[in-house]
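Participant: Before I ask anything, let me first share the structure, which is written out below as structure tokens.
Just so it is clear, none of the values below were taken in a lab; they were calculated from the coordinates. What you see is a predicted model, and the numbers here were worked out from it, not measured in a lab. Cβ atoms come from the backbone with ideal geometry, glycine included; neighbour counts cover every protein chain shown.
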Amino acid sequence: MAIVLKNTNKTLINFKTINFSDFPNNFKFQPIKNDLTNITNEDSVKQSIKNIIFTNKGERFFNPNFGSDINLMLFENITPATEQIISDLIKTSISNFEPRANVIEVNVNSYSDENSVLVTIIFSTLNSAEPITLDFILDRIR
């Protein structure tokens, strides 16, 4: 939880806690309440980062700049320069579209035999300074 301090005349007067909450992408139901489940805080930010990275630019109506265009890089020959471009695209897209996350490091490792790229994102949220790790594999589908 993040603590937001309101500063008036150099005195702190309000403490407000911020919780992040989203619906999961699969819209899973709780069996007891028969209601949608929700994900909170770090899991919410992780899901948002994945949505940003897996979205191509131009896919979202009325927001053509949203996304990262990572899929275009997967059909290039994987070299260290390509890995750096993928890393830079991820950093830029997260900084542009996810204000709750502060990117610490992005590691990109290619596996040319499997035609895939392992991406590790280390970030922190507004709620805490602890680093959070998000791993996923990008692979080509032909």
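Participant: I need two numbers for the range 38-139: Rg to one decimal and Dmax as a whole number, Cα atoms only, in Å.
Facilitator: In order Rg, Dmax, the Cα atoms of the range 38-139 give 13.6, 40 Å.
Participant: While we're looking at this one, here's another question. How high is the relative contact order of the range 38-139? Use alpha-carbon pairs under 8 Å, at least six apart in sequence, and give a whole percent.
Facilitator: Normalised by residue count, the contact order of the range 38-139 is 20 percent.
Participant: Next up: Grab the beta carbon distance between Asn38 and Glu76, set R0 = 41 Å, and tell me the FRET efficiency rounded to 0.05.
Facilitator: That pair, Asn38 with Glu76, gives E of 0.60.
Participant: In nanometres, what is the gap between the two model label sites at Asp69 and Arg140, each 7 Å from Cα along Cα-to-Cβ?
Facilitator: With each label point 7 Å from Cα toward Cβ, the separation is 1.9 nm.
Participant: Here is a follow-up. How much length is gained if the chain between Phe29 and Ser128 is pulled fully straight, taking 0.36 nm per residue apart and subtracting their Cα-Cα distance, in nm to one decimal?
Facilitator: 32.8 nm
Participant: If you don't mind, another one. For a Förster distance of 22 Å, can you work out the FRET efficiency between the beta-carbons of Ser116 and Asn51, rounded to the nearest 0.05?
Facilitator: Here the calculated transfer efficiency is 0.65.
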